[in-house]
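Trainee: Sharing a structure below in structure tokens format, with a few things to ask.
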Amino acid sequence: MILTKQQRGSTLIVALIMLVLLTLIAVSAINSTSASMQVVGNAQFREEAGAVAQQAIEKVISGNFTLSPTSAVISVDINNDGRLDYTGQVDTPVCTSSIAITNNQLRPLTVSADQSCVSSGQVTTTGIVGASGVISTAQSWCYKQTWDIKSTVADSTTGANTTVHQGVYIRVPTGTACS
């Protein structure tokens with residue numbers, strides 16, 4: 001009978017050790033889940049900041065920014081809760097190149113968007129002014145410009161920071177400054 005009492009005590013100690021081990025595993029799982037949630041939250045904030053930066057760039061290029069390039073600050077309510085969540089700072093757009101377009105680089109003259117670009121360089125021997133008399137190698141009335149637009153979002157609440165550069169190709173009338 002003395003052996004039986006000793007076995008009951010050892011079972012209690014083994015059960016307590018197992019209980020402590022299970023508690024440690026549960027605490028470790030909770031900590032791991034918490035860290036994973038923080039990583040996912042940070043990734044979401046970074047993606048939201050990137051979306052705001054892109055939205056700010058698109059708002060700038062949707063206007064005629066080549067006439068008077070200026071910087072802009074654009075605030076966005078990303079989750080539609082009525083509170084502005086992020087602010088995008090768009091730097092002044094920078095023209096990186098301006099290349100003259102010749103008439104033969106335009107789309108077919110039946111495309112109305114290119115009609116205003118066709119220059120007056122005409123073949124004079126026919127005496128008839130028309131599409132068939134356009135000199136294809138003459139410079140058109142349009143230039144191809146490439147612009148670099150940079151947007152930065154830095155949110156103090158979430159700590160999300162991102163910078164987006166976007167290159168924009170645009171066809172502009174001759175004489176549009178590339179500064």
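The values are calculated or read from the model by the stated rules, or taken from the named source; none is laboratory data. Computed from a predicted model, the values in this text were never measured in an experiment. Cβ placement follows ideal geometry from the backbone for every residue including glycine, while neighbour counts extend to all protein chains displayed.
Trainee: Quick one: is residue 118 touching a Phe, Trp or Tyr at 6+ places or on another chain (Cβ under 9 Å) and modelled with pLDDT of 80 or more?
Mentor: Answer is no for this residue.
Trainee: Residue 40 versus (1) buried (at least 17 other Cβ atoms within 10 Å of the Cβ); (2) over 19 Å from the mean Cα position of the chain (by Cα): which is the lone unmet condition?
Mentor: Condition (1) is where residue 40 drops out.
Trainee: Confirm whether residue 31 is over 19 Å from residue 160 (Cβ atoms), of a type outside the set (Val, Ile, Thr) and at pLDDT 85 or above.
Mentor: For residue 31, the condition - over 19 Å from residue 160 (Cβ atoms), of a type outside the set (Val, Ile, Thr) and at pLDDT 85 or above - is met.
Trainee: Further question on the same structure: Search the stretch 101-112 for residues that are surrounded by 11 or more Cβ atoms within 10 Å (Cβ to Cβ) and of a type in the set (A, V, I, L, M) and pair each with any residue that is modelled with pLDDT of 75 or more and not in a loop (DSSP other than H, G, I, E, B) when their beta-carbon atoms are under 8 Å apart and the residues are at least 6 apart or on different chains.
Mentor: Between residues of the stretch 101-112 that are surrounded by 11 or more Cβ atoms within 10 Å (Cβ to Cβ) and of a type in the set (A, V, I, L, M) and residues that are modelled with pLDDT of 75 or more and not in a loop (DSSP other than H, G, I, E, B), the close pairs are 101/139; 101/140; 101/142; 101/143; 101/144; 101/171; 106/140; 106/142.
Trainee: Please find, within the stretch 129-174, the residue that is modelled with the highest pLDDT out of those that are more than 18 Å from residue 70 (Cα to Cα) and among the aromatic types (Phe, Trp, Tyr).
Mentor: Restricting to residues being more than 18 Å from residue 70 (Cα to Cα) and among the aromatic types (Phe, Trp, Tyr), the top hit is 143.
Trainee: Condition first: of a type in the set (D, E, K, R), at negative phi and free of Cβ contacts under 8 Å to residues at least 24 places away in the same chain. Can you find one or more residues in the stretch 42-53 that meet it?
Mentor: The answer is yes; a qualifying residue exists.
Trainee: Give me the pairs, please: first residue somewhere in the stretch 77-96 and surrounded by fewer than 16 Cβ atoms within 10 Å (Cβ to Cβ), second residue anywhere and of a type in the set (Val, Ile, Thr), beta-carbon distance under 6 Å, and either six or more positions apart or on two chains.
Mentor: If the second residue must be of a type in the set (Val, Ile, Thr), the pairs left are 92/70; 96/146.
Trainee: Please determine whether any residue of the stretch 54-66 is modelled with pLDDT of 90 or more, over 26 Å from the mean Cα position of the chain (by Cα) and over 22 Å from residue 158 (Cβ atoms).
Mentor: For the stretch 54-66, residues modelled with pLDDT of 90 or more, over 26 Å from the mean Cα position of the chain (by Cα) and over 22 Å from residue 158 (Cβ atoms): absent.
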